[in-house]
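This report refers to the structure that appears directly beneath it.
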Amino acid sequence: MTDIHVTVETTIPDDRIEMFHRLYEEAFGPLRAKAIARQVLHREEFHEEMVDPRVHKHVARTASGEPIGLTTLTRHLETVPWISPDYFAARYPEHAARDAIYYAGFTLVAPSARQGAAFHAMIKSVVQILVAERAAVGWDICSYNNTQLSFADSIRAVLDEHIDVEVAVEDSQTYYAAQFTGDGATKGG
């Protein structure tokens, strides 16, 4: 499937949101049991992003117009509840002064199209905007998607098409769990 085109949309019409939510659930639903941090937006959160014009939607479509992928991108960092806009403003003050700091919220491709060109086409669409604005952009990838699906490598491959880009791991958070076993769990109290 090489005839992929990407449209950039500010809002998804209400009558199309459910179809996009199904795609989202197909792509992200399995992460509920594969990542400690919540990776899946609640239905209401998803709907909010789809109708918020501050969050641009890069939609990958087949030649027949069927949506098979979606990437969100915003310069309104307050729309991304799991990040700190203050961090980005402090880290990139010149970009902040130009309103040129973005966050890529999520990228999904329908499971049936994962071996095709949709992922690359959407990331390329996003990168064109970022290059034109000499922007700074953040994104996050859970460990499962990095180790099992090599998302960081896939994104890096698209970014490497541009010689004037520096990519660095900015932060990480390690989640721990402890399991108390045996009789010692009930003693001492």
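The values are calculated or read from the model by the stated rules, or taken from the named source; none is laboratory data. Please read all numbers here as calculations on a predicted model, not as lab measurements. Cβ: placed from backbone, ideal geometry, glycine included. Neighbour counts: every protein chain shown. Heavy atoms of the whole protein, side chains included, go into the accessibility calculation; ligands, DNA and RNA do not. Shrake-Rupley method; radii C 1.70, N 1.55, O 1.52, S 1.80 Å.
What to note about this one:
- Matching residues in region 26-35 - criterion: being open to solvent by less than 70 Å² (accessible area, probe 1.4 Å) and either touching a strand residue (DSSP E or B) at 6+ places or on another chain (Cβ under 8 Å) or among the charged types (D, E, K, R) (or both): ALA27, PHE28
- Within region 1-25, the set of residues being open to solvent by 100 Å² or more (accessible area, probe 1.4 Å) and in a helix (DSSP H, G or I) comprises ASP14, ASP15, ARG22.
- Filtered residue count, region 29-69, keeping only those that are in a helix (DSSP H, G or I), closer than 25 Å to ILE129 by Cα and more than 15 Å from the chain's Cα centre (by Cα): 3
- Every test in (1) at positive phi; (2) in contact (Cβ under 8 Å) with a residue 40 or more places away in the chain is passed by VAL59 save one, and that test is (1).
- One residue from ASP86, ASP99 being at pLDDT 95 or above, open to solvent by 50 Å² or more (accessible area, probe 1.4 Å) and at positive phi: ASP99
- All positions within region 120-171 that are of a type in the set (S, T, N, Q) and modelled with pLDDT of 80 or more: SER125, GLN128
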